[in-house]
Amino acid sequence: MKIAVPAELAEAESRVAATPETVKKLIGLGADVVVQAGAGARSRFLDAEYQDAGAKVLKTASAVVKDADIVLHV
């Protein structure tokens, strides 16, 4: 199962739909998680933290959500 986490579009939105800790748990349950580059920046989560948790980080929202079974969004 592929779970996608795109960046939030609203300028005032500082939340992100999944933290690196959440991503790690989802991967532990057998999911593949893809996060848009910079998705966690306003929540002070670096792309490297998502990668360390096991997620793949891609540049564009369209690449992130392509073929996703679930899209997490605030």
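Modelled this way, with points 7 Å down the Cα-to-C-beta line, the labels at LEU46 and LYS2 are 2.8 nm from one another.
Projecting the alpha carbon convex hull of the chain along each direction and taking the average yields 4.1 nm². 3J(HN,Hα) along the range 56-65, derived from phi through the Karplus expression 6.51 cos²θ - 1.76 cosθ + 1.60 where θ = phi - 60°, amounts to 8, 10, 10, 6, 10, 4, 5, 5, 5, 8 Hz, with x in place of Gly and Pro. Restriction of the trypsin sites (Lys or Arg not before Pro) in the chain to DSSP coil positions whose beta-carbon has at most 13 other beta-carbons within 10 angstrom yields ARG15, ARG44, LYS59, LYS66.
Could you size up the charge dipole of the chain around its Cα centre, putting +1 on the beta carbon of Lys and Arg and -1 on that of Asp and Glu, and report it in debye to the nearest 20?
Values: 9 positive and 10 negative charges, 11 e Å.
So the dipole magnitude of the chain works out to roughly 60 debye.
Bridges between two residues of the chain, per DSSP, are antiparallel at a rate of about 0%.
How much length is gained if the chain between ALA37 and ASP69 is pulled fully straight, taking 0.36 nm per residue apart and subtracting their Cα-Cα distance, in nm to one decimal? Kindly include the intermediate steps, with their values, before the conclusion.
Details: separation 32, 0.36 × 32 = 11.52 nm, distance 1.93 nm.
Full extension from ALA37 to ASP69 adds 9.6 nm.
Can you give the calculated 222 nm mean residue ellipticity of the chain, where each DSSP H run of n ≥ 4 adds -39,500 (n - 2.57) and the sum is split over every residue, rounded to the nearest 500 deg cm²/dmol? Let's see the in-between values first.
Working: 3 runs with 20 residues, N = 74.
It lands at -6500 deg cm²/dmol.
The value of relative contact order for the chain, using C-alpha pairs under 8 Å at least six residues apart, is 46 percent.
Computed from the coordinates by the stated procedures, all read-outs in this text should not be read as laboratory data. Given the structure is predicted, the values throughout are model-derived calculations rather than measurements. When we count neighbours, we look across all protein chains shown, and the Cβ atoms used for this are built from the backbone with ideal geometry, even at glycine.
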